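Bear in mind these aren't lab numbers, they're just calculated from the coordinates by the rules spelled out. This one's a predicted model, so the numbers in the text were calculated from it and none came from an experiment.
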């Protein structure tokens, strides 16, 4: 009979141990609320009080601490993500500001031109250049007209000088011809006089 009691005791202890292990394995996977419900259901009642086994209370405590630690880990991870996102956002803002500044510079460079250290709007520069070119063309036209007028005057004076030179040359030739003619006549008269004197 001793063996029978020992065998029954051993089986009872094993079933009790199996229940504790099963409960512990269920408890490891349970949420805090599920563990609380299990703890409340498996607790014994004494008067108006609930008597909770210490290993169940330890399991609830462990799950509570695990939940808190996992919550803290999630919170820490979330804060790290938020910090990383804020850093990335700040980097993106800086990049965006640099791109906007670059775009403003490109836009400014597209609408302005720097000549001799002075910034002009391109429209203003084109207007000034066009007025300058037109002014130079008008000046060139005026100089051309004046040059043509002076050429005409010089040509007129040259023609007048040529005409005067031709008249002078004609006069000189005629005067030389007259002088030669008069000289011959004079010589002829001298020759006649000499003959008359000899005769």
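Here are some notes:
- The share of C-alpha pairs in region 97-148 whose separation exceeds 18 Å stands at 54 percent.
- Whether region 112-180 is rounded, prolate or oblate, judged on the alpha carbon gyration tensor where a/c under 1.5 counts as rounded: prolate
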